[in-house]
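Contents: one structure, followed by commentary.
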There are 2 protein chains.
Amino acid sequence: MIRVSADEARALCVEAFMRRGVPAADAALAAEQFVLCDLFGIPTHGTRRLSNYIGRIECGGINPKPDIRVVSRVPPVAILHGDGGLGTVVASRGLEEGIRRAKANGIAYVGCIDSNHFGANAAYGWLAAREGLVCLSGSTATPTIPPAGGRTAAVGNNPVGYAAPCAGGPPFLLDIAMSVTSRGKLRRARELGETIPEGLGLDRDGLPTTDPAAALEGFMLPMGGHKGYGLALAAEVLAALLSGGGFGPEIRHQFKEPERSSNLAHYFLLIDPEATVGRAAFEARMRAYCDAIKATPPADPSRPVRVPGEGAAANHARNAAAGIAMDEAEYARLKGLAAGTLRGEIPEA
Amino acid sequence: MIRVSADEARALCVEAFMRRGVPAADAALAAEQFVLCDLFGIPTHGTRRLSNYIGRIECGGINPKPDIRVVSRVPPVAILHGDGGLGTVVASRGLEEGIRRAKANGIAYVGCIDSNHFGANAAYGWLAAREGLVCLSGSTATPTIPPAGGRTAAVGNNPVGYAAPCAGGPPFLLDIAMSVTSRGKLRRARELGETIPEGLGLDRDGLPTTDPAAALEGFMLPMGGHKGYGLALAAEVLAALLSGGGFGPEIRHQFKEPERSSNLAHYFLLIDPEATVGRAAFEARMRAYCDAIKATPPADPSRPVRVPGEGAAANHARNAAAGIAMDEAEYARLKGLAAGTLRGEIPEA
């Protein structure tokens, strides 16, 4: 493993995007999302994804120069039409729009439609909290989980995020999908030859399984059964139904149909504490709340209780100082994509 | 079991409240919340609770004539000070305030503070959806679940709700707390002498248990581990931290300290689809979305896939026609509370 500075990683991503026709300002927004995820220690949504994104621009699935339009009937609510652009660009523009509108009106909802994979809620929440705002966000995703009592992949494992600034420390930052566990953890169990507890997944026939390989061929189960299922639907209501975006089968898989826009939708719900208790008072209250919970006794004395966002912030500080860890091959690929000597790759779905 | 009409149940609750000094308009709001929960088939939050609420008025814990004040710095955001009133009155006033502000501004946030037990999110969501609005709601609760990696009850099992109107059918209506399962289900397992799966609860020492009795003496676990834990915190941020309400240890248990206001907080986040795609278009989209999911094959062919809210709506239709099912003792207690021949009771905590 080597360490690559955030600046270098950012510059390589910008160069790679611009070489495929992405305007400089948009390339900077998209690069920032990758770099933030790498800094947070979410490499699955970091620069490692550059190759997919580039591949989808190259095959025509992502529009490098979208004509992004904002439609707003009332000041605190807006819909942003992404024109099939990079999801990270569309969502970043949506967040900017939402931050501006929330600061002017106390609260804002922005729906982003006709978009693509937008990375991680954590990165948007981090930026919103830095502006002093409370942020709820979420995105649609290709249907991969069954409804409660169902046996087909009819619902997206839609990720949602919550963020709020905290005085003298990292923001509260929650970024979760609705499945009990992740496909990455199932893959690791399969590699280690381990079984998995019941309740994590179904096999391809919709039957409960403790075999990680069978669950990977089948479905991930939502957390809390009908609860996670309901929350996944609620995220889609806020992201897509309310905004005029694509939903359900109108969403296309980014790797099965890479040459078409995925037609994803995202939302940002932003509230300015200045409209309630005042920003400084809110951030001090958040600090007191988080500190009270962190002071409670842990189950394992060596692992203190944490609040969401602490791990990401600690990783951010370490990686910003030491550089982003990647292996030589990843680094070489980034450089090749930036120089134009490599083409993007679409992984098998 | 007998069947009591919604009108009679409502009238008995109104009389009981008014007899303890609650003004007529407030008594009607509070009665409506009980009746809605009974109609939905959520008897734990229905008229069965009247006795507790009355008991808390009688011992001075709930203020029958609160001086409710609304503070608003910007039109779409307001904080409602509940003055220790009935939670169902405070929250109903908050919802009214939010509905008015969302219709005028496209979106609204209302935080309700210095409140008490507010019943069920489902009833508020139902009312908001009937007004054509999308509604996110939630409440603080006494700390009863441990943080992820913790072993004390440091976090409220905070309930949240999501509601949205659907053309030609019942609204989308989700109302969930953050624990994997409910204490009621653990009690039933204990009565039946059954063990429970791992992951539902911890014993009083914070260790995993499959004994329902041990879990009842210990803690309920949040769904998805850190996910449900994080969502519980997010609900408290929206309900209490942002609004200036009490949080964490400032919250008092309604049955351990019945003679003091519980200092709970609630929130309503309302969005008017008229500000996005238009109300009729939104409701038609919701219908298409729900129908598509309901049309997917069920795991058990005799139990079709449902979307959240269908069960509550079916119960509502049946109970509105046939009356609310209750046993003779419950009915007698309602009549005694209304007539003033019975005093309210505070159950053991």
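Of A:A312, A:A317, A:A338, which residue is free of Cβ contacts under 8 Å to residues at least 24 places away in the same chain, in a helix (DSSP H, G or I) and within 24 Å of A:C13 (Cβ to Cβ)? Result: A:A317 is the single residue among A:A312, A:A317, A:A338 that is free of Cβ contacts under 8 Å to residues at least 24 places away in the same chain, in a helix (DSSP H, G or I) and within 24 Å of A:C13 (Cβ to Cβ). Taking the criterion of being part of a loop (DSSP other than H, G, I, E, B) and among the charged types (D, E, K, R), the only residue of segment A:320-335 that qualifies is A:D327.
Could you list all residues from segment A:54-74 that are surrounded by fewer than 17 Cβ atoms within 10 Å (Cβ to Cβ), touching a Lys or Arg at 6+ places or on another chain (Cβ under 9 Å) and within 21 Å of A:G244 (Cβ to Cβ)?
Our first condition is that a residue be surrounded by fewer than 17 Cβ atoms within 10 Å (Cβ to Cβ); within segment A:54-74, this holds for A:59-60, A:65, A:67, A:69-71, A:73.
So of that shortlist, the ones also touching a Lys or Arg at 6+ places or on another chain (Cβ under 9 Å) come out as A:60, A:70.
Passing the criteria: only A:V70.
Screening B:T195 with (1) in contact with an Asp or Glu (Cβ under 7 Å, 6 or more places away or on another chain); (2) touching a residue at least 60 places away in the same chain (Cβ under 8 Å) gives one miss only, at (2).
Identify, from the list A:L192, A:L221, A:L216, A:L242, the residue that is at the interface with another protein chain (Cβ under 10 Å from one of its Cβ atoms) and either more than 30 Å from A:G82 (Cα to Cα) or crowded, with 20+ Cβ neighbours inside 10 Å (or both). Explain how you work it out, then say what you get.
Working: A:L192 fails: at the interface with another protein chain (Cβ under 10 Å from one of its Cβ atoms); A:L221 fails: at the interface with another protein chain (Cβ under 10 Å from one of its Cβ atoms); A:L216 fails: at the interface with another protein chain (Cβ under 10 Å from one of its Cβ atoms).
Matching residue, one of A:L192, A:L221, A:L216, A:L242: A:L242.
Considering only residues in segment B:5-22 that are assigned to a helix (DSSP H, G or I) and of a type outside the set (A, V, I, L, M, F, W, C), the one that is nearest to B:G84 (Cα to Cα) turns out to be B:R19.
So that you can scan it fast, the table gives a plain yes or no per residue for (1) surrounded by 24 or more Cβ atoms within 10 Å (Cβ to Cβ); (2) farther than 19 Å from B:A313 by Cα:
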| site | (1), (2) |
| --- | --- |
| B:G111 | yes, yes |
| B:N116 | yes, yes |
| B:G125 | yes, no |
| B:A129 | no, no |
| B:G132 | no, no |
| B:A148 | no, yes |
| B:V160 | yes, no |
| B:A163 | yes, no |
| B:A167 | no, no |
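For segment B:270-297, a residue qualifies if it is within 24 Å of B:L127 (Cβ to Cβ) and within 7 Å of chain A (Cβ to nearest Cβ), and the qualifying residues are B:I271, B:P273, B:A275, B:T276, B:V277, B:F282, B:R285, B:M286, B:Y289. Does B:I79 fit the bill of being crowded, with 21+ Cβ neighbours inside 10 Å and of a type in the set (A, V, I, L, M)? Spelling it out, B:I79 is indeed crowded, with 21+ Cβ neighbours inside 10 Å and of a type in the set (A, V, I, L, M).
So A:A339 passes all but one of these: (1) among the small types (G, A, S); (2) surrounded by fewer than 16 Cβ atoms within 10 Å (Cβ to Cβ); (3) closer than 23 Å to B:Y229 by Cα; (4) away from every other protein chain (no Cβ under 11 Å). Which condition number does it fail? (3) is the only condition that A:A339 fails. Evaluating A:V307 against the criteria (1) touching a Cys at 6+ places or on another chain (Cβ under 6 Å); (2) assigned to a loop (DSSP other than H, G, I, E, B); (3) more than 8 Å from chain B (Cβ to nearest Cβ) leaves one unmet condition, (3). Against the numbered list (1) at the interface with chain B (Cβ under 8 Å from one of its Cβ atoms); (2) closer than 30 Å to B:A284 by Cα; (3) without any contact (Cβ under 8 Å) to a residue 24 or more places away in the chain, A:D300 comes up short only at (2).
The numbers here are math on the coordinates, done by the rules we state, and not lab data. Values in this document were obtained by computation on a predicted structure and should not be read as measured data. Neighbour counts are summed over all protein chains in view; Cβ atoms, including those assigned to glycine, are modelled from backbone coordinates with ideal geometry.
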